[in-house]
Amino acid sequence: MSSRNDAYQYGFQTRAVHVGNEVDGESGAIKRPITMANSYALPYDPTDMNWSSAGGNLYTRNGGTNQKYLQERIASLEGGEDCIVLASGVAALSGLFFALLNKGDHVIFSSVTYIAVYRLLNELLNNKFGVETTLVDTSDPANVEKAIRPNTKLIHIETPGNPTLTISDITAIAEIAHCHGALLSVDNTFASPFNQQPVVLGADFAIESLTKYINGHGDAMGGAIVGRTEHLEKIRAVSQINLGGTISPFNAWLIMRGSVTLPLRMRQHNENALTIARWLETQPCVSFVAYPGLESHPGHEVARKQMAPGYGGVLSFGLKADHDTHNRFVSHLQIITSAVSLGHDESLIVFLGENDERQYLYPQEFHNGFFRFSVGIEDAEDLIEDLRQAMTAVGLL
């Protein structure tokens with residue numbers, strides 16, 4: 001089932017297993033092998049070849065076989081026409097911005113985003129290359145409309161936003177973008193394509209850090225851009241070849257393997273996170289809980305509309321405690337690991353203190369320090385007990 005078009009008749013779980021995989025013609029193996037070669041045989045007369053062409057088997061920076069197989073699967077899971085897989089989520093973001101934007105273009109982007117987006121758009125592309133940028137609270141589409149300029153080329157949103165779980169209406173913002181001749185890209189990492197498919201909702205591009213949920217095991221890095229072939233061919237030619245952020249064959253193979261269980265894992269992430277968010281809301285020592293699956297979340301209704309299967313595995317919460325008590329709380333956790341990243345099988349937590357440089361962009365409740373909690377696929381009861389015993393150990397319960 002290597003054809004994306006043929007595969008769309010099947011369900012998400014079936015496509016996660018089969019798209020991009022076929023019986024290997026040489027060995028008969030029923031799983032695609034890892035092709036570690038960095039160079040491929042040339043035709044009899046290579047003199048007419050374009051050495052900077054992308055997609056063919058020439059040199060692995062131009063594209064490799066394991067990358068191709070993974071691209072087929074991710075495009076199918078995202079409901080997109082085409083896909084580029086690169087070395088990391090940041091490579092995907094950089095590749096998109098580098099290929100699409102020129103000096104004098106204007107970009108609107110979410111005020112709550114991954115730190116690399118903030119760096120790229122608020123500082124690097126702005127200062128080095130003359131790309132104009134505007135930070136906007138995209139949870140209200142009216143703010144996006146007000147920020148539009150005649151030279152607006154791209155709107156980039158992240159929903160749910162990292163780390164405050166801010167929700168933006170993809171369909172509404174896509175309509176605004178297209179009405180003004182702009183493109184819309186959506187970082188879909190927190191949701192995963194199981195919960196949310198931005199291209200289906202009207203976006204021009206979906207960006208994924210494959211490192212997170214799609215790989216799911218914390219052992220490989222990758223990133224993906226999904227969209228129409230006409231746009232992605234430009235990104236391949238401009239960014240994949242010239243920036244060199246190509247995924248390694250081994251990482252592509254690992255992510256391909258991990259993606260098979262994405263639907264199964266996401267159901268557990270969704271269920272666990274909602275259960276734990278509801279429990280945290282009942283604890284007197286918790287100052288706030290931010291999770292779009294909660295009815296108390298300001299973006300719940302939009303999230304319920306565009307994240308039909310579930311709300312993801314990440315939540316944020318604060319404690320009614322000082323800085324040191326937050327750190328002592330983490331030190332008493334026995335199952336939950338203090339580490340960055342998210343979407344792993346194991347639960348991960350990170351304390352973000354009061355000195356975050358972007359704190360002025362966050363809601364007031366985040367200003368006293370808070371936790372970003374990536375809820376894993378362990379038993380929810382064990383995770384709750386781990387949180388409870390750590391709260392007790394530091395005198396909060």
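The values are calculated or read from the model by the stated rules, or taken from the named source; none is laboratory data. For clarity, every value in this text was computed on a predicted model and none was experimentally measured. Note that each Cβ is placed from the backbone with ideal geometry, even for glycine, and that neighbours are counted across all protein chains shown.
Any chance the range 192-203 includes a residue that's over 19 Å from His300 (Cα atoms) and in contact with a His (Cβ under 9 Å, 6 or more places away or on another chain)?
Scanning the range 192-203 turns up at least one residue that is over 19 Å from His300 (Cα atoms) and in contact with a His (Cβ under 9 Å, 6 or more places away or on another chain).
Hey, can you tell me all the residues within the range 101-124 that are at positive phi and either in contact with a strand residue (DSSP E or B) (Cβ under 6 Å, 6 or more places away or on another chain) or without any contact (Cβ under 8 Å) to a residue 24 or more places away in the chain (or both)?
Result: no residue meets the conditions.
For the range 67-76: of the residues being under 14 Å from Gln240 (Cα atoms) and over 16 Å from the mean Cα position of the chain (by Cα), which is surrounded by the most Cβ atoms within 10 Å (Cβ to Cβ)?
Filtering first and then ranking leaves Gln67.
Which residues, taken from the range 77-128, are at pLDDT below 95, surrounded by fewer than 20 Cβ atoms within 10 Å (Cβ to Cβ) and within 20 Å of Pro150 (Cβ to Cβ)?
Hit for the range 77-128 is Asn126, nothing else.
Considering only residues that are part of a loop (DSSP other than H, G, I, E, B) and among the aliphatic types (A, V, I, L, M), which ones fall in the range 296-321?
Met307, Ala308, Ala321
Does the range 100-107 contain at least one residue that is touching a helix residue (DSSP H, G or I) at 6+ places or on another chain (Cβ under 9 Å), of a type in the set (A, V, I, L, M, F, W, C), within 24 Å of Arg358 (Cα to Cα) and assigned to a helix (DSSP H, G or I)?
Taking every residue of the range 100-107 in turn, none turns out to be touching a helix residue (DSSP H, G or I) at 6+ places or on another chain (Cβ under 9 Å), of a type in the set (A, V, I, L, M, F, W, C), within 24 Å of Arg358 (Cα to Cα) and assigned to a helix (DSSP H, G or I).
Go through the residues of the range 224-244 one by one and say whether even a single one is without any contact (Cβ under 8 Å) to a residue 60 or more places away in the chain, in a loop (DSSP other than H, G, I, E, B), in the same structural domain as Ala91 (by TED's automatic domain parsing) and not polar (S, T, N, Q).
No; the residues of the range 224-244 include none that is without any contact (Cβ under 8 Å) to a residue 60 or more places away in the chain, in a loop (DSSP other than H, G, I, E, B), in the same structural domain as Ala91 (by TED's automatic domain parsing) and not polar (S, T, N, Q).
Mind checking which residues of the range 152-194 are assigned to a loop (DSSP other than H, G, I, E, B) and either of a type in the set (D, E, K, R) or more than 24 Å from Ala116 (Cβ to Cβ) (or both)?
The answer is Asp169, His180, Gly181.
If you check every pair at least six apart or on different chains, which have Cβ atoms under 9 Å apart with a residue in the range 125-148 that is in the same structural domain as Ala303 (by TED's automatic domain parsing) and among the hydroxyl-bearing types (Ser, Thr, Tyr) first and a residue that is at pLDDT below 95 and in a helix (DSSP H, G or I) second?
Within 9 Å, no pair qualifies.
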